[in-house]
Structures are given as structure tokens and as C-alpha cells.
Amino acid sequence: MKKVILRTGICFVFLLTLFISSGILSVKAEAPHQTRTTTLDLSAAADSVKNAQEGWEWVDNKDDTYTLILSDFTLETSDSEGIILPRDHDVRIILQGQNTVTCTRTGLLENWVSLGPGRYKTKTIEGEGSLVLHVPNGINIDRLIINSGTLKVYADSAFLGGLTTNEAYIQNGGNVYVSSTALDSDGLYLVGEMQLHDGSLHIEAKNGIGIFTDDASSVYNGILIDGGSLFIEAKRGIYRNRRMNVDAALMLSNADISIHATDTAFINKEGEIHIHDITSWDVTASTLFGGKYSLTLDLADYQEVDEQLLKVHMLQESLYTSASWKALQDSVNRVTRDKYFFEQQKVDAMLQDIKTHMDQLVYLPANYKKINEALQRIPSDKEIEAYTDTSRMDVYNLVSSIPWDKNITEQSSLDSYAARLNEAIDHLTLKPKPEQVKLQLLGGAHQRIRQGEAAVFQTNGSVPDIVKVTINGRELPAPYYRVNYTQTLSLTLQPEYTKQLRPGLYSISIQLDRENIETDFTVLSVSERGTGQEEISKLKHPASINTGDTTNTVLWLGIIILAVLLMKGINKYKYK
């Protein structure tokens, strides 16, 4: 048991020793390079040399060119210059890791050797690392190419610009950041041309110009940006100067452009400005273009506007209200064709204006003439009761469901609805006539009443059936009788009328629209008590009947008087 514990302990100590040893080695391997405190002057183009402690290596390529490798290199010095390169040799600078240079004047520069235009040597920066310069004057290089890697320059008192060069080319994914804060100090100051093909260029020069190119010594100083991304925040954005009558253009294409200038965004002192096929555009300035320039710009994209205008052209004016149609035409007339690509928002606003007024078009209402004509054919409320419930409901349902909100485009469906309504009206079916019940007198036949008493007659007819009432063949005025209807039809001769009748037998005819009901009734004097047949037979003389009409009585009275006078005349004649 003790041996097992001892072996376990030995193994633990051995493993712990290996772990500590490997940790020490790794710490040693990852230890930072020694900071250099003096200028790194390579202008003499000496033979190859490597300083592993500081993290830099100078390589003679044996073809009159050199390579400087910076690997986590840090230079902090009170000297005026940081790294000095030979002006008369091409130098390739390879960046590995994070490299920093801090000095009191210029961070990366070339020694003085008299070279004229066309004889400049190239300094190329590439690699996957970065180089950061915290220096007052930034960089001063004749011809600078950034192929890859990241270059950052923080210049707080540069005389000309944070990055001063004759020619500068950013391509193949290189990234450059320049901050120049001194008054009238530019971001990039070039006596020659500047090109951005790929990668990114970010400039902050709030008191100066973002990119300035001069044609001193009659060098070509055009500016070409045909890829990558450009960001400038400055007093003026891009300025191409012209002093030596050199013709050069400012050309931008296939790039993301973002410029925020308090003055002018693009200036060509004299020459052309070409801007086309920009992938994104964010430019704000008090003045967009300046100088004596000729401008070539892409127009805004009007394709969607044209497509929308074609849709408007296909519309039929006759279908819409005049007000909504005029509003649409006004929006069409507001379209202008002079907008450039950076004014695309204005074109998009025109498009939206047209779309909005198309959506607000109001159709004319449909023509309801056929519907109204069909409604006029429907029988009146009283007349329609003569039709069956089913056929009436077919009409009622269609009437209650008439779609009163149809517009002119729905005219055919509305006309079809009118046709259905007409068809339902045509199919109204009369109710079958009820079986006619033979009219008969239910009560009051041969009744006897005294003068001034009401005489009541009951039939199985109905109120609408009564046409007139006659007594002894003469029509009785309506005020002399009353009609009531409950379960049977009741006709009452008013007491005011019977009071006028002489005692006697009267015939009564109740004339209805289908047939007549006839009977008789007897009127007794008020003093009469008996109603024997003798008395009744005495009353069966029509001459004694009072129907309220005294015409016959007067006639008979006249005849009697005339007869009496005639008899007296005859007797007197006989006497003579």
C-alpha cells in the first residue's frame, strides 16, 4: 500500500514538473519583444540584418530591392524620426502582428536623395498585421502602395497631411486610416495621383481636406476610385488642384462612398468629374461640386417609376371619379427626369406619390337603373298579399339583399342581380281562391219590430261584401243602417229610420258582391200589442208602407181630391 502511494506521489511530482516547465517555456515564447527607443534608420541600404529581440528584420533581396519585416515591433523614441527607408530603392514592408511607432515628428519616411518624377521608388505595405503611427507629421513617402494589412496614422500637427506622398495606391484589401487634426492639415496630401481599387480608406481631417492632389512639376494628379470603400470627414472632401495646366479627372465608380464635408464634397479645379455605378452613397455637404468642371453622373434609377407609369397608362379614365383621376394625373405630372443617382430618394418619393394616388382612385358608382325599374314592378303592399308566401319571400329576400355599394366595374353582376329580381317578380304566384261559401241569412228573417226599434239581420258574409241595402226596392241611405262584423256580419236598421216607417210589411234586400240576401220584416205601431194574423193581414198593403218616401201618398191624395171635385161637378151639372 505504501509503495502504491509512493509511486502515485512520484508520478504527480513528475507531471507537475512537466506542467511548470512547459508553462515557463510558453511564457518565455510569448514574452513581448523589447521596445526600441531610437530611430530605426535603414536608409543606407545595408546588408541583411535581423533583430529578433525588437521584432524586425531587414533583408537584402540581391536585386536592388529590400524587404522590412515587422513582427510585433514597438518603437517609442524622443527622436524626431521613427523608421527611415532608402529613397532610391524599392522596399517591401511585411506586417506581422501589431506594430507601433511613436516619435516626435515623422513616423515613416525616406532619406533625402534627389529623384525627379518618374524615378520614384515604391514602398509596398502588405501582410496580415498592422502598423500604427502616433506621430505629429505622419508619413512622408514618394510612392506608396498598400496591398494588404492595416495602416493607421494619428498625426496631430502635420504641416501638409497625415499621409504625404507623390503617389498612393490602395488595393488588394489594404486598409488605411488617417487622422489629421491640425489646422489646414489634410488627410492625404499628394503631388501626383491617388487610386483606391480595393480595401478601405478612412480619413478624418476636420480642419482640412480629405484627399488633396497637386500637379506641381507638371505631374499627373488624377484621382481614381473604382472599388473598396471611402470615408471622409473633413472641411472639404476631395480636391484635385490644377496649377500646371495638367488635365486630370476625378473618377469614382464601383465603391462605397461616404463623405461628410462642412464645405464642398468634390472639387476639380479644372477638369472632369465622373461618378457612376456607385455601390452605396452617403454624401452630405453645403455644396456638392466645385471648381471649373464638366460633370458626368449616372442618373437615378427610373425603372420602377416607368413601370408604374405604364400601369397608369393602362387605366380607363371613364371608370373613376374626376377628382381622384385628376389627383393621379397631377402626381404623374410631378415626375421629373433630371435626378442623379444620389437623388434616388427623390425619385422613390415620386414613385410612392404615384402609387398612393393610384390606391386612392375612386370608382364611379354602378348604374342602378335596372334595379330601380325592377323595384317599380313589385305589387303594392296590399296587392302582394294576394300571392303565396313562398313567392313573396323570394322577392322580399332579393330586395332586402340588394347590394347598394357596387361600383362601375361590378355593373355586370348588378345587372344579373336585377335579372334575378325580375325573374322572382315574374314568378309571383297567386294564392288559390278559397272555396265560396253560399251566403245565407243567419238571423232576423221575418222579424217584427215596433216603430223606433232597431231591426238586426245577421249573415255569413263579410264587410267588404256589402254593396247596398234596399227597402221595398229603394236604396236605403247609409246613415239609416249600421254594419258590424265579429264572427258574423250584422246589419242593423237604425231606430231613427224605423220610427219613420208606417206599420206594415216591408221587404229588405242586402246586396253583396256575390249575391243578394232577401227577406221581410214587419213594423208595428207603438200602441199595438197583438201580432195576430188578422192584424198582420191588414198591414199587407204596400200603399200603407212608409219607406220615408211620401211621393206615392201625395199622388193618391191628389187623385182623391180630384175625384171628389169631379163628383161635385157632376152632381151640380145634374142638378141644373
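The values are calculated or read from the model by the stated rules, or taken from the named source; none is laboratory data. On a predicted model such as this, the values are computed, not experimentally measured, just so you know. Please note: Cβ atoms are built from the backbone with ideal geometry, for glycine as well, and neighbour counts cover all protein chains shown.
When the stretch 294-310 is limited to residues that are in contact with a helix residue (DSSP H, G or I) (Cβ under 8 Å, 6 or more places away or on another chain) and outside any helix (DSSP H, G or I), the one that is surrounded by the most Cβ atoms within 10 Å (Cβ to Cβ) turns out to be Ala300. The set of residues in the stretch 433-451 that are surrounded by 14 or more Cβ atoms within 10 Å (Cβ to Cβ) and in contact (Cβ under 8 Å) with a residue 60 or more places away in the chain comprises Leu439, Leu441, Gly444, Ala445, Gln447, Arg448, Ile449, Arg450, Gln451.
Where in the stretch 342-437 are there helices (runs of 4 or more DSSP H), lying wholly inside it, with at least 3 residues that are farther than 30 Å from Lys311 by Cβ? I'd like the intermediate steps shown before the answer.
On the way: elements: 344-359, 369-376, 389-400, 411-426.
Fully inside the stretch 342-437 and qualifying: 369-376, 389-400, 411-426.
Taking first residues from the stretch 472-488 that are within 19 Å of Pro503 (Cα to Cα) and touching a residue at least 24 places away in the same chain (Cβ under 8 Å) and partners that are among the hydrophobic types (A, V, I, L, M, F, W, C) and part of a loop (DSSP other than H, G, I, E, B), the Cβ contacts under 7 Å between residues at least 6 apart in sequence or on separate chains come to Asn472/Ile545. One residue is enough: does the stretch 442-457 have a residue meeting the conditions at pLDDT 95 or above, over 26 Å from Val483 (Cβ atoms) and charged (D, E, K, R)? Checked the stretch 442-457: no residue is at pLDDT 95 or above, over 26 Å from Val483 (Cβ atoms) and charged (D, E, K, R). Being more than 30 Å from Pro434 (Cβ to Cβ) and of a type in the set (D, E, K, R) is a property that Glu373 has. Of everything in the stretch 485-520 that is over 13 Å from Phe457 (Cβ atoms) and among the aliphatic types (A, V, I, L, M), the residue that is surrounded by the fewest Cβ atoms within 10 Å (Cβ to Cβ) is Leu505.
Taken over the stretch 484-519, the criterion of being assigned to a strand (DSSP E or B) and touching a helix residue (DSSP H, G or I) at 6+ places or on another chain (Cβ under 6 Å) is satisfied by Tyr485, Gly504, Leu512.
Here is a yes/no grid of residues against (1) closer than 18 Å to Thr165 by Cα; (2) among the aliphatic types (A, V, I, L, M); (3) buried (at least 24 other Cβ atoms within 10 Å of the Cβ):
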residue	(1), (2), (3)
Lys206	no, no, no
Ile209	yes, yes, yes
Phe212	yes, no, yes
Asn241	yes, no, no
Asp256	no, no, no
His260	no, no, no
Asp263	no, no, no
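The set of residues in the stretch 350-366 that are loosely packed, with under 14 Cβ neighbours inside 10 Å, in contact (Cβ under 8 Å) with a residue 24 or more places away in the chain and closer than 18 Å to Glu317 by Cβ contains only Gln360.
Would you be able to tell me the number of residues in the stretch 71-88 that are of a type outside the set (Asp, Glu) and under 60 Å from the mean Cα position of the chain (by Cα)? Residues flagged as of a type outside the set (Asp, Glu) and under 60 Å from the mean Cα position of the chain (by Cα) within the stretch 71-88 amount to 1. Being loosely packed, with under 14 Cβ neighbours inside 10 Å and basic (Lys, Arg) is the requirement here; does Arg482 meet it? Taking the combined requirement at face value, the residue satisfies it. Condition check for His89 on (1) without any contact (Cβ under 8 Å) to a residue 40 or more places away in the chain; (2) within 22 Å of Asp47 (Cα to Cα): one failure, at (1).
Tallying residues that are out of contact with any Ser or Thr (no Cβ under 6 Å at 6 or more places or on another chain), buried (at least 19 other Cβ atoms within 10 Å of the Cβ) and in a strand (DSSP E or B) within the stretch 96-126 yields 10. Going through the stretch 151-190 one residue at a time, which ones are surrounded by fewer than 19 Cβ atoms within 10 Å (Cβ to Cβ), touching an Asp or Glu at 6+ places or on another chain (Cβ under 6 Å) and under 26 Å from Arg119 (Cα atoms)? Gln171, Asn172, listed by residue number.
For Val219, the conditions (1) at pLDDT 95 or above; (2) crowded, with 19+ Cβ neighbours inside 10 Å all hold with the exception of (1). Restricting attention to the stretch 265-293, the residues that are buried (at least 16 other Cβ atoms within 10 Å of the Cβ) and touching a His at 6+ places or on another chain (Cβ under 9 Å) add up to 2.
Here Thr522 clears all of (1) farther than 29 Å from Leu439 by Cβ; (2) modelled with pLDDT of 65 or more; (3) polar (S, T, N, Q) except the condition numbered (1).
To keep it simple, each residue is scored yes or no on (1) surrounded by 16 or more Cβ atoms within 10 Å (Cβ to Cβ); (2) over 30 Å from Leu491 (Cβ atoms); (3) outside the structural domain of Thr522 (by TED's automatic domain parsing).
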site: Val399; (1), (2), (3): no, yes, yes
site: Asp405; (1), (2), (3): no, yes, yes
site: Arg420; (1), (2), (3): no, yes, yes
site: Lys431; (1), (2), (3): no, no, yes
site: Glu453; (1), (2), (3): yes, no, no
site: Phe457; (1), (2), (3): yes, no, no
